[in-house]
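Colleague: Can you read through this structure? Questions will come right after.
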Amino acid sequence: MILWITTLVVASALLLLRFASDRVLDAISAWVAWALMPILKRVLVVPNRMYFVMDGNRRWAKGRNLQTQVGHLEGYNCLKRLLEAISLLEVEEVTVYAFSVSNFQRTATEKTYLMDLACDKLKEMLTRNDIVEKHDVRVRLVGEHDMLPKHVIDAANNAEKETSKRTKCTLNIAFAYSSQLEMQNLRKKGSLYVSEPTPSSPPPLFIRTSGESRFSDYLMYQSAFAHICFQSVLWPDYRAWHLLAALLDYNLYYKSAAAAMQKCFDKQN
Amino acid sequence: MNELITIIVALLVPVVVVAVIKIMGNGKQREIKRLPSHVGIVFEDGAEMKSAFVSEVIKWVRQHGVSVLSVYHSRGLSEEVVASIAASGNQVFKASEEVSAAVANDTNKVKVIVLSHRDGRVIPSSFEPCDRLPALKPFSDPELLIIFGNSKSIYGYPPWYLSLTELRFHSPTVSSYSPAALHADLLHYSDTKVLKGV
């Protein structure tokens, strides 16, 4: 009897997740994050650096017969939801891949939209009760700034200046970013845009959505010993349970990468 | 109760049918339409890395027509393994040696590039990390990287080669890896569309 009821409850939950509207899923995700993340913080090893490739906005929009721009906007909304969940885990640094140097090959319309979206959202983050204030987040735009239009650079500089004293979490937004160019910069100037992990901390968690299984020129140097999690969900559909799955995967398997990182460090010393 | 059982069975039957079709479909090997020119293999420190296995993988890779293979282990390959690779008629290179296009295109022999932690990610300690980043890459980026380890990690394989490399993770028990598994990895590479940012 109990087995049948359990099966029915699980099947109903799966059907609900499959067919429920986005708003219902957002509400469930927020509740799951609020209820579970503080517990997970105590029972699981949580990496203090997380790297996200926010992939799948355009495919998400195409799958719903919506314009690409809607996909990118939903992608930003998803980022806000993610930060709500991550803030409960007390992660020190989150780096998200918003726009790569190779994305400059996209159409002029899409590029203009993305630049304007970045500018608007950088300003919006600073408003009262938004991301920065709610979660005490320091915001940095990392990448090749000289490739960006002036209004985006100004918005980025303002966001960095206004949040420079925030300490709970650093949000690095990789915009006009290329890991190859970053490593060339490392050769010339001796510094990285995103700091590298130290062996005393757990290795970073690298998450890429949409099912692709490559780095795509993102944080390759910093991810040499990261635990990599490729998830098939498209970015705008990313919710608390996907993050939970990635954390569980990390906890099952991260030790081997951590040991390898420590051994490499020891060899250098 | 009987109606409940009937409903649940009715829901499960299509799932089982789809699963059976997928399993049966995997039995037929699909054609690989696009081959990588360079395949990389990474062994975690604790993974079994026997010369027999490395030689077998080289043989399977050559059968598919791949001409360059890089093999990474943090401690580097043992002399026994390197000797075994060379003895099979393959050309062995170190990371710093350039594999020219002419040599790389010679499909009669597999060019095996041997890598260790000295060539990979360097944790900065007493020296500047930028000293170790290569100004020029002596060999091409692997299009496919096959990793044997407990973590889903590249374990320090030189990351500057991996911008568009497909990553495939397997358990450290290499004895479970077979020509069929390599075929599946190559098929995954073949099926993948790389949009390169567009």
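Colleague: Restricting to segment B:83-108, what's the tally of residues that are at pLDDT 80 or above, of a type in the set (A, V, I, L, M, F, W, C) and open to solvent by less than 40 Å² (accessible area, probe 1.4 Å)?
Modeller: Residues in segment B:83-108 being at pLDDT 80 or above, of a type in the set (A, V, I, L, M, F, W, C) and open to solvent by less than 40 Å² (accessible area, probe 1.4 Å): 2 in total.
Colleague: Only one of (1) of a type in the set (Phe, Trp, Tyr); (2) in a helix (DSSP H, G or I); (3) more than 25 Å from A:Asn77 (Cβ to Cβ) is not met by A:Phe215, so which one is it?
Modeller: Of the numbered conditions (1) of a type in the set (Phe, Trp, Tyr); (2) in a helix (DSSP H, G or I); (3) more than 25 Å from A:Asn77 (Cβ to Cβ), the odd one out for A:Phe215 is (2).
Colleague: Right, next: Tell me, yes or no, whether segment A:63-80 has at least one residue that is over 21 Å from A:Met50 (Cα atoms), in contact with a helix residue (DSSP H, G or I) (Cβ under 9 Å, 6 or more places away or on another chain) and either within 14 Å of another protein chain (Cβ to nearest Cβ) or assigned to a strand (DSSP E or B) (or both).
Modeller: There is at least one residue in segment A:63-80 that is over 21 Å from A:Met50 (Cα atoms), in contact with a helix residue (DSSP H, G or I) (Cβ under 9 Å, 6 or more places away or on another chain) and either within 14 Å of another protein chain (Cβ to nearest Cβ) or assigned to a strand (DSSP E or B) (or both).
Colleague: Among A:Asn269, A:Asn158, which is at pLDDT below 95 and more than 19 Å from A:Ala85 (Cα to Cα)?
Modeller: Values: A:Asn158 fails: at pLDDT below 95.
Residue meeting the stated conditions: A:Asn269.
Colleague: Let me ask something additional. Can you name the residue in segment B:8-37 that is over 28 Å from A:Leu3 (Cα atoms) and modelled with pLDDT of 75 or more and, of all such residues, is nearest to the other protein chains (Cβ to nearest Cβ)?
Modeller: Among residues in segment B:8-37 that are over 28 Å from A:Leu3 (Cα atoms) and modelled with pLDDT of 75 or more, the one nearest to the other protein chains (Cβ to nearest Cβ) is B:Pro36.
Colleague: Looking only at segment A:69-108, filter to residues that are more than 18 Å from A:Trp241 (Cα to Cα) and among the small types (Gly, Ala, Ser); which one of those is nearest to the chain's Cα centre (by Cα)?
Modeller: Selected residue: A:Ala98.
Colleague: Go through the residues of segment B:66-80 one by one and say whether even a single one is modelled with pLDDT of 90 or more and either in a helix (DSSP H, G or I) or polar (S, T, N, Q) (or both).
Modeller: Scanning segment B:66-80, I find at least one residue that is modelled with pLDDT of 90 or more and either in a helix (DSSP H, G or I) or polar (S, T, N, Q) (or both), so the answer is yes.
Colleague: In segment A:220-233, is there at least one residue being without any contact (Cβ under 8 Å) to a residue 24 or more places away in the chain, open to solvent by 20 Å² or more (accessible area, probe 1.4 Å) and under 14 Å from the mean Cα position of the chain (by Cα)?
Modeller: yes
Colleague: Here's another thing I want to ask about it. When you scan segment B:43-52, how many residues do you find that are modelled with pLDDT under 85, surrounded by 14 or more Cβ atoms within 10 Å (Cβ to Cβ) and not in a loop (DSSP other than H, G, I, E, B)?
Modeller: 1
Colleague: Could you identify the single residue in A:Arg58, A:Arg23, A:Arg42 that is in contact with a Ser or Thr (Cβ under 6 Å, 6 or more places away or on another chain), open to solvent by 30 Å² or more (accessible area, probe 1.4 Å), assigned to a helix (DSSP H, G or I) and not hydroxyl-bearing (Ser, Thr, Tyr)? Walk me through it before giving the result.
Modeller: Values: A:Arg23 fails: in contact with a Ser or Thr (Cβ under 6 Å, 6 or more places away or on another chain); A:Arg42 fails: in contact with a Ser or Thr (Cβ under 6 Å, 6 or more places away or on another chain).
Selected residue: A:Arg58, the only one of A:Arg58, A:Arg23, A:Arg42 that is in contact with a Ser or Thr (Cβ under 6 Å, 6 or more places away or on another chain), open to solvent by 30 Å² or more (accessible area, probe 1.4 Å), assigned to a helix (DSSP H, G or I) and not hydroxyl-bearing (Ser, Thr, Tyr).
Colleague: While we're on this one: For residues in segment A:156-182 being part of a helix (DSSP H, G or I), open to solvent by 10 Å² or more (accessible area, probe 1.4 Å) and in contact (Cβ under 8 Å) with a residue 24 or more places away in the chain, which is nearest to A:Met115 (Cα to Cα)? Spell out the reasoning first.
Modeller: So in segment A:156-182, the residues part of a helix (DSSP H, G or I) come out as A:156-162, A:179-182.
Next cut, open to solvent by 10 Å² or more (accessible area, probe 1.4 Å) only: A:157-158, A:160-162, A:180-181.
Applying the additional criterion that residues be in contact (Cβ under 8 Å) with a residue 24 or more places away in the chain yields A:158, A:162, A:180-181.
Working: A:Asn158: 16, A:Glu162: 20, A:Gln180: 22, A:Leu181: 20 Å.
Result: A:Asn158.
Colleague: I've got another one for you. Which condition number in (1) under 30 Å from A:Ser256 (Cα atoms); (2) at pLDDT 95 or above is the one that A:Pro197 fails?
Modeller: (2)
Colleague: Hey, among the residues in segment A:165-178 that are at pLDDT 95 or above and of a type in the set (Ser, Thr, Tyr), which one's nearest to B:Pro158 (Cα to Cα)?
Modeller: A:Ser178
Colleague: Go through segment A:207-217 and report how many residues are crowded, with 20+ Cβ neighbours inside 10 Å and more than 9 Å from chain B (Cβ to nearest Cβ).
Modeller: Qualifying residue count, segment A:207-217: 4.
Colleague: Filter segment A:224-258 down to residues that are at the interface with chain B (Cβ under 7 Å from one of its Cβ atoms), part of a helix (DSSP H, G or I) and out of contact with any Phe, Trp or Tyr (no Cβ under 7 Å at 6 or more places or on another chain), then give me how many there are.
Modeller: Looking only at segment A:224-258, we keep the residues that are at the interface with chain B (Cβ under 7 Å from one of its Cβ atoms), and these are A:224-229, A:253-254, A:256-257.
Right, trim to part of a helix (DSSP H, G or I) and you get A:253-254, A:256-257.
Those still in the list that are out of contact with any Phe, Trp or Tyr (no Cβ under 7 Å at 6 or more places or on another chain) too: A:253-254, A:256.
The number of residues fulfilling the criteria is 3.
Colleague: Taking the condition crowded, with 16+ Cβ neighbours inside 10 Å, more than 11 Å from chain B (Cβ to nearest Cβ), modelled with pLDDT of 95 or more and assigned to a loop (DSSP other than H, G, I, E, B), does A:Val152 pass? Let's see the steps before the verdict.
Modeller: Numbers: crowded, with 16+ Cβ neighbours inside 10 Å: yes; more than 11 Å from chain B (Cβ to nearest Cβ): yes; modelled with pLDDT of 95 or more: yes; assigned to a loop (DSSP other than H, G, I, E, B): no.
The answer is no for A:Val152.
Colleague: Ok, one more. Only residues that are among the basic types (Lys, Arg), open to solvent by 20 Å² or more (accessible area, probe 1.4 Å) and at pLDDT 70 or above: list them for segment B:109-136, please. Steps first, please.
Modeller: Filtering segment B:109-136 for residues among the basic types (Lys, Arg) gives B:109, B:111, B:118, B:121, B:132.
Filter again for open to solvent by 20 Å² or more (accessible area, probe 1.4 Å), leaving B:109, B:118, B:132.
Once the filter is applied, which keeps residues that are among the basic types (Lys, Arg), open to solvent by 20 Å² or more (accessible area, probe 1.4 Å) and at pLDDT 70 or above, segment B:109-136 yields B:Lys109, B:Arg118.
The values are calculated or read from the model by the stated rules, or taken from the named source; none is laboratory data. Since this is a predicted model, take the numbers as computed values, not measurements. FYI the Cβ positions are ideal-geometry reconstructions off the backbone, even for glycines, and counts take in every protein chain you see. Just so you know, the surface numbers come from the protein's heavy atoms only, side chains and all, with ligands and any DNA or RNA stripped out. Shrake-Rupley method; radii C 1.70, N 1.55, O 1.52, S 1.80 Å.
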